[in-house]
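The structure appears below as structure tokens.
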Amino acid sequence: MFGKRAGAASPKRAPTAPATAAAAVNDAPKSATPAPQVPHKDAGAEKRRQPKAAPVPKRTVSAAEQGGRSEEYYAVKTTIFNALIDTIDLGQLARLDQETAAEEIRDIVTEIISIKNVAMSIAEQEQLLTDICHDVLGYGPLEPLLARDDISDIMVNGADDVFIEVNGKVERTNIRFRDNAQLMNICQRIVSQVGRRVDESSPVCDARLADGSRVNVIAPPLALDGPTLTIRKFKKDKLTMDKLVEFASITPEGAKVLAVIGASRCNVLISGGTGSGKTTLLNCMTGYIEE
């Protein structure tokens, strides 16, 4: 692992006996009685006599410990979800408020699990109830990602590929959709809130979530491997010009100039690369606009 240090002295060897001494030993008179030989130890026998350590069994890490879902979980979820859709009246469910509808769904799903004799732990059942409530009332598998404030981007490339950007680094998640049909339904649910639609005749759509997050959807036939969905999230704790100065993102003199520009309603052009903070700076400047 470590290379040899430059200039290091090599280990010294033991000095050899002079040739004259070796010759003297060879010329010495040999005794008639041979010297008794010292028996050599059998290293292999010593090792064989030592007790062997018991092998450590390898531990298999479950999908729950890895933070994901197993294939069996998704199969059970699909079966119970289909049974729920066949049982529940979606028209009446839409008339209920969010909390009451969630309680109604949980009661029906619990009854379905009992009828079908599904073997699940309490933690797995609770996770299943939460996931199905998200599928019916919210944005499905995206709900846990939308709840995290440290995520700046959510990128979905088909039902099986979901990526997030955290602290400027893109990483793949183990979250997946049931199929492309579920992903498409969620995309339509998002854009319908702003009076838009996305389908084969209008495969590209831009929208916004209730919290101001920007959404871009590309549907088939333009998207070849299923619908693609991009959500640019914004932190709940909005940055201010004072915070930018505190973080050394801008000098106090620069912040004062931008505050004057914002207060005087001057026309401003803000440009930069993706994720460079254009919208953040614009929001900071508009904070100085007086009604």
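The values are calculated or read from the model by the stated rules, or taken from the named source; none is laboratory data. These numbers were taken from a predicted model, which means no experiment stands behind them. Glycine also receives a Cβ, built like all others from the backbone with ideal geometry; neighbour counts cover every protein chain displayed. The protein model used for the area step is the full one, side chains on, heavy atoms only, and it has no ligands, DNA or RNA in it. Shrake-Rupley method; radii C 1.70, N 1.55, O 1.52, S 1.80 Å.
Side notes on the structure shown:
- Nearest-0.05 FRET efficiency for residue 224 and residue 150, computed from C-beta distance (R0 30 Å): 0.45
- Converting phi to 3J(HN,Hα) with the Karplus coefficients 6.51, -1.76 and 1.60 and the offset θ = phi - 60°, the stretch 265-280 yields 6, 6, 6, 10, 10, 10, 10, x, x, 5, x, 7, x, 4, 5, 4 Hz in sequence order, with x at every glycine or proline.
- Residues whose amide H falls under 5 Å from that of residue 153, counting only those 5 or more places apart or on a different chain, are 165, 233, with hydrogens built in the peptide plane.
- Taken per residue, the accessible surface of the stretch 100-253 reaches 55 Å², heavy atoms only and a 1.4 Å probe.
- Label-reachable residues, the stretch 254-271, where backbone N falls under 18 Å from a point 7 Å from residue 282's Cα toward its Cβ: 258-259, 261-271
- Restraint check, 77/236; 169/243; 77/238; 235/256, Cα-Cα greater than 27 Å: 77/236; 77/238
- Remark: C-alpha extents of the stretch 192-291 on the principal axes read 51, 29, 24 Å, sorted largest to smallest.
- Derived scalar couplings ³J(HN,Hα) [the stretch 97-113; Karplus, 6.51 cos²θ - 1.76 cosθ + 1.60; whole Hz; x for Gly, Pro]: 6, 4, 5, 5, 5, 5, 5, 5, 5, 5, 5, 5, 5, 4, 5, 5, 4
- Within the stretch 196-291, chymotrypsin sites (Phe, Trp or Tyr not before Pro) in DSSP loop having at most 11 other beta-carbon neighbours inside 10 Å: 247
- Heavy-atom surface analysis with a 1.4 Å probe gives the stretch 156-232 a carbon and sulfur content of 47 percent of its accessible area.
- Loop-located GluC sites (Glu not before Pro) in the stretch 107-204 (DSSP state not H, G, I, E or B) with no more than 15 neighbouring Cβ atoms inside 10 Å: 200.
- For the pair residue 160 and residue 125, the difference between a 0.36 nm per residue extended length and the Cα-Cα distance amounts to 10.3 nm.
- Viscosity 0.692 mPa s, temperature 37 °C, Stokes-Einstein D of the stretch 140-181 from Kirkwood C-alpha radius, µm²/s: 311 µm²/s
- Candidates per trypsin sites (Lys or Arg not before Pro) in the stretch 226-291, loop by DSSP, up to 16 other Cβ within 10 Å: 235, 236, 238, 265
- Calculated on the Cα set of the stretch 110-206, radius of gyration then Dmax: 15.7, 47 Å.
- Computed Kirkwood radius, in angstrom, where 1/r is averaged over Cα pairs of the stretch 73-112: 10.6 Å
- Placing unit charges on the Cβ atoms only, positive for Lys and Arg and negative for Asp and Glu, gives the stretch 107-177 a dipole magnitude near 160 debye about its Cα centre.
- Inter-label distance, residue 271 to residue 116: 5.6 nm, where each label sits 7 Å from its Cα along the C-beta direction.
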